[in-house]
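Structure record follows, encoded as structure tokens.
The values are calculated or read from the model by the stated rules, or taken from the named source; none is laboratory data. All values reported here derive from a predicted model rather than from experimental measurement. Counting neighbours? That spans all protein chains shown, and the Cβs are built from the backbone with ideal geometry, glycine included. Quick note on the areas: whole protein, heavy atoms, side chains included, nothing else; ligands and nucleic acids left out. Shrake-Rupley method; radii C 1.70, N 1.55, O 1.52, S 1.80 Å.
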Amino acid sequence: MSVIIKTQKQIDIIREGGKILAKVLAKTAKKAQPGISTLELDKYAHDLIKAEGGIPAFLHYKPEGVSVAYPASLCVSANNTIVHGIPSKNQILKEGDIVSIDLGVKYKGLFTDHAVTVAVGKISKKDKQLIEDTRKAMEVGIAAARPGNTVGDIGHAIESFVNRRYGIVRELSGHGVGVKIHEDPYIPNYGKAGKGQKLIPGMIIAIEPMLNLGSDHIISMDDQYTIKTADGSRSAHFEHTVLITDGDPEILTAI
Ligand code: MG
């Protein structure tokens with residue numbers, strides 16, 4: 001495992017790229033209304049990134065062990081889809097859906113990663129609570145991202161906060177980010193305090209809990225990307241790119 005400690009120059013660029021990403025994702029999230037196709041959302045985000053001088057990082061990205069490159073800029077994952085949903089002109093968002101939109105940006109050669117889950121029109125109380133708690137799970141994870149702490153402290157903080165109220169997806173995790181879209185270390189959303197890679201100032205990591213209303217079991221679709229809950233329950237996902245500093249963590253994908 002090799003963790004990349006970023007230089008001040010890299011941090012400055014990633015901070016700039018993160019602001020672009022935050023702006024683009026916030027605008028795209030507002031477009032997630034009943035009647036829009038997920039492909040239209042993808043095109044909207046793609047064009048905004050380009051207009052800001054960035055490059056969509058997921059487009060044509062080929063993760064290890066997958067035979068086809070990812071065909072879109074955005075991952076759009078509705079309802080029982082947890083992550084990596086491929087945008088489609090045939091998938092039309094409807095009132096009551098909850099949808100995770102996940103976007104990566106390459107800016108001046110460096111990467112940031114950010115996701116939010118939003119309500120499409122009016123949603124159920126239960127879904128609203130799921131979204132709120134998943135956002136909070138991310139926030140407690142970020143709060144644990146302090147120098148001297150470890151990756152295990154982040155996972156432990158998230159798992160303690162969730163306290164078995166939801167299924168925590170275990171096969172997918174947060175990750176280092178910056179020089180590549182996915183770097184070491186993995187940041188699981190569960191774990192033991194004090195275990196794993198130590199957090200060092202200059203590390204940049206993506207913290208991204210995925211919580212299911214039902215069990216934590218997942219299934220992978222034949223398209224090699226889409227991941228759904230095994231029991232069909234709904235799922236939410238939030239993600240920020242975070243800089244480890246000498247003190248408080250700095251969220252780099254905030255507006
Ligand atoms: Mg990520």
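Per-residue answers, yes or no, for (1) acidic (Asp, Glu); (2) assigned to a loop (DSSP other than H, G, I, E, B):
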| site | (1), (2) |
| --- | --- |
| Ile5 | no, yes |
| Gly17 | no, no |
| Pro34 | no, yes |
| Lys62 | no, yes |
| Ile86 | no, yes |
| Asp102 | yes, no |
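Yes or no, residue by residue, for (1) crowded, with 16+ Cβ neighbours inside 10 Å; (2) in a helix (DSSP H, G or I):
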residue: Asp113; (1), (2): yes, no
residue: Val116; (1), (2): yes, no
residue: Lys122; (1), (2): no, no
residue: Leu130; (1), (2): yes, yes
residue: Met138; (1), (2): yes, yes
residue: Ser160; (1), (2): no, yes
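Hey, among the residues in the stretch 181-193 that are open to solvent by 30 Å² or more (accessible area, probe 1.4 Å) and part of a strand (DSSP E or B), which one's nearest to His237 (Cα to Cα)?
The extreme case among them is Tyr186.
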Only one of Val162, Val177, Val151, Val169 is within 16 Å of the ligand (Cβ to nearest atom) and over 19 Å from Cys75 (Cα atoms). Can you tell me which?
Val151
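What residue, of His217, His240, is within 16 Å of the ligand (Cβ to nearest atom) and either out of contact with any Phe, Trp or Tyr (no Cβ under 9 Å at 6 or more places or on another chain) or in contact (Cβ under 8 Å) with a residue 60 or more places away in the chain (or both)? Working first, answer last.
Working: His217 fails: within 16 Å of the ligand (Cβ to nearest atom).
Unique residue meeting the criteria: His240.
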Restricting to the stretch 21-32, name every residue that is in a loop (DSSP other than H, G, I, E, B) and without any contact (Cβ under 8 Å) to a residue 60 or more places away in the chain.
Lys31
For the stretch 162-180, does any single residue satisfy the condition of being touching a Ser or Thr at 6+ places or on another chain (Cβ under 7 Å), assigned to a loop (DSSP other than H, G, I, E, B) and without any contact (Cβ under 8 Å) to a residue 40 or more places away in the chain?
no
List the pairs whose first member sits in the stretch 46-61 and is farther than 15 Å from Cys75 by Cα, whose second member is of a type in the set (Phe, Trp, Tyr), and whose Cβ atoms are under 6 Å apart, counting only residues at least 6 apart or on separate chains?
Gly54/Tyr107
Can you name the condition, by its number, that Ser233 falls short on among (1) in a loop (DSSP other than H, G, I, E, B); (2) of a type in the set (S, T, N, Q); (3) within 15 Å of the ligand (Cβ to nearest atom)?
(3)
Any residue that is away from the ligand (no atom under 16 Å from the Cβ), in contact (Cβ under 8 Å) with a residue 24 or more places away in the chain and under 18 Å from the mean Cα position of the chain (by Cα) - is there at least one of those in the stretch 109-117?
no
